[in-house]
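**Q** Sharing a structure below in structure tokens format, with a few things to ask.
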Amino acid sequence: MTTVSHPLLSTKSKLFQRDTFIFSTSLPAKLLFGVNQHQIPISSALVQRWAYLLAPHTEPFHLRPVTVHQFGIMAYGIMPNGPPIPENSSELLPPGNYGWYGAGSTARFLPQITTMPNPPSFAVMKKSWTWFPNQEIMLDVLSLVAEVVQQRDQHRCFITGIASHNDTDLVWMFPPCFAHLCRFPPLRDGYDDVPEFFETASNAAFLHKDLVPFFHDNAFSIDVDNDHRILIFRDIGPAQKLLPSHLKVHPNEGPDDWYLREHFRISLKVCVLDGDIREDYPSSVVLQMMDELGVNSVGSDNTVELAPMTDPRWQTVVGQSIWENVLETRMAANYVPSDDLDEEEADRLDR
């Protein structure tokens, strides 16, 4: 069994420079959650709160530090290497690997946060929704709403406080065109009224122009329930200097917390959830590479020879994982337990 200090980093994990990973207890384990703690320090209590924001019906769980080991090709398993972490602990977690354990610590399951697919950012969806009418203006604030917001905020950026017609633009907190991604809005009788619920001044504000593209890309957001703390999920360059640590909330100014919270919830889905290596290397890619390298798979021709070790494909990420699996398979096939190996030790190895 090959032990690794961290999982193979997916494109998403590299983008966000993650150093802390939370895995499911399923086999193989699935990467559920990843952050860069230089940007966003986390605690068990914080993970708990975010989990219930993302999936209100999440079953009770706790985190445990784990060791990650290879479990097949481009896949991992986890083994606990420390005690459970109290759910309500506000002590910061050291960077590393953790497991998401349910009430039955031996159960192997995927938690509720995995039941729905996670969307890309608002900016990415705008680019990909080529079928949408007036695609170029789908994130623009309606003129009637803009008039109300301008009268209310006088071009003042709701984050930086800068009030300048030249330096700020109007933005939706949660674009109405993506209303289907929201949790059911409160105090409403019918789903047909969703656009009207979103097309309101409470869902719009002025924002510094340098921050607008990153807000649309969900690269930063506001954790309303943590004293309106501003979280930056990835490097946004010089624009990061414009962001204070917390949003200052003023009566009768700026957007409503409900829409900010929904922007934050989607930002967690975009930036924190997922990022498993198998998203980059699905089974079809692995099987194709195995065939190309001559590694026998189920139903394959046993006479096929392995590609020479000089073949550059062995040096790719998936090629190296395949080779490690070949070596482990050969070692397992040649393993002969000693005669004096007691039953207890044999049982331990089987586990």
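Taken together, the values in this text are just the output of simple stated rules run on the coordinates, not laboratory data. As the structure is a prediction and not an experimental result, all values here were calculated from the model. Positions of Cβ are backbone-derived with ideal geometry, glycine not excepted, and every protein chain shown enters the neighbour counts.
**Q** Just from its helices, what would the mean residue ellipticity at 222 nm be for the chain, if runs of 4 or more DSSP H residues each count -39500 (n - 2.57) and the sum is divided by every residue, rounded to the nearest 500 deg cm²/dmol?
**A** Helix contribution divided over all residues of the chain: -8000 deg cm²/dmol.
**Q** Quick one: putting +1 on the C-beta of Lys and Arg, -1 on the C-beta of Asp and Glu, what dipole do you get for segment 3-116 around its Cα centre, in Debye to the nearest 20? Intermediate results must be reported in sequence, preceding the final value.
**A** On the way: 7 positive and 4 negative charges, 57 e Å.
Value, rounded to 20: 280 debye.
**Q** In addition: Taking a ≥ b ≥ c as the square roots of the Cα gyration tensor eigenvalues, with a/c under 1.5 meaning rounded and otherwise prolate when a/b beats b/c, else oblate, which class fits segment 122-271?
**A** Numbers: a/c = 1.29, a/b = 1.21, b/c = 1.07.
Note, shape of segment 122-271 comes out rounded.
**Q** Can you find, among H62, M125, T160, the residue sitting farthest towards the positive end of the charge dipole of the chain, where Lys and Arg contribute +1 and Asp and Glu -1 at Cβ?
**A** Checking the options against the dipole of the chain, the answer is T160.
**Q** Here's something else I'd like to know. Calculate the spin-label point distance for D167 paired with Q37, positioning each point 7 Å from the Cα along the beta-carbon direction, and give it in nanometres.
**A** 3.6
**Q** Now, a different point. What residue among V145, G319, F197 has its Cα farthest toward the positive end of the dipole of the chain, where the charges are +1 on Lys, Arg and -1 on Asp, Glu, each on the Cβ?
**A** Projecting each Cα onto the dipole axis, the largest value belongs to V145.
**Q** Something else now. At 7 Å along Cα-to-Cβ for each site, give me the label-to-label distance between T329 and S283 in nm.
**A** Taking the simple label geometry, T329 and S283 are separated by 1.6 nm.
**Q** For the residue pair S143 and M116, what label-to-label distance in nm results when each label sits 7 Å from Cα along the Cα-to-beta-carbon direction?
**A** So the label points at S143 and M116 sit 3.5 nm apart.
**Q** Let me ask another. Hey, can you rank 10-18, 213-221 by average C-beta count inside 10 Å, highest first?
**A** Numbers: 10-18: 17.9, 213-221: 21.3.
Descending packing order for the listed peptides: 213-221, 10-18.
**Q** Further question: Taking just the alpha carbons, could you work out the radius of gyration and Dmax for the chain, both in angstroms?
**A** 24.5, 86
**Q** Another question about this same structure. Kindly put I40, I78 in sequence by how many other C-beta atoms sit within 10 Å of each C-beta, fewest to most.
**A** Working: I40 17, I78 27.
Least to most surrounded, the residues fall as I40, I78.
**Q** Looking at the square roots a ≥ b ≥ c of the eigenvalues of the Cα gyration tensor of segment 3-116, which shape do they give, rounded for a/c under 1.5, prolate if a/b is larger than b/c, or oblate? Working shown, then result.
**A** Details: a/c = 1.35, a/b = 1.12, b/c = 1.21.
Since a/c stays below 1.5, the shape of segment 3-116 is classed as rounded.
**Q** Could you please state, rounded to a whole Å, how far the C-alpha centre of segment 206-267 is from the C-alpha centre of segment 136-160?
**A** For segment 206-267 versus segment 136-160, the Cα centre distance is 15 Å.
**Q** Set the Förster radius R0 to 45 Å, insert the Cβ-Cβ distance between D227 and F71 as r into 1/(1 + (r/R0)^6), and round the FRET efficiency to 0.05.
**A** On the way: r = 41 Å, r/R0 = 0.90.
Result of the calculation: an efficiency of 0.65.
**Q** Peptides 48-54, 309-315, 262-268, 280-286: what's the order by average Cβ count within 10 Å, highest mean first?
**A** Details: 48-54: 18.6, 309-315: 11.1, 262-268: 22.4, 280-286: 14.4.
Answer by packing, highest mean first, reads 262-268, 48-54, 280-286, 309-315.
**Q** May I ask you to derive the FRET efficiency for F109 and E305 from their Cβ-Cβ distance with R0 = 41 Å, giving the value to the nearest 0.05?
**A** Values: r = 41 Å, r/R0 = 1.00.
With a Förster radius of 41 Å, E is 0.50.
**Q** Show me the ranking of peptides 136-143, 63-70 by mean Cβ neighbours inside 10 Å, starting with the highest.
**A** Details: 136-143: 14.5, 63-70: 19.8.
The packing order, highest mean first, is 63-70, 136-143.
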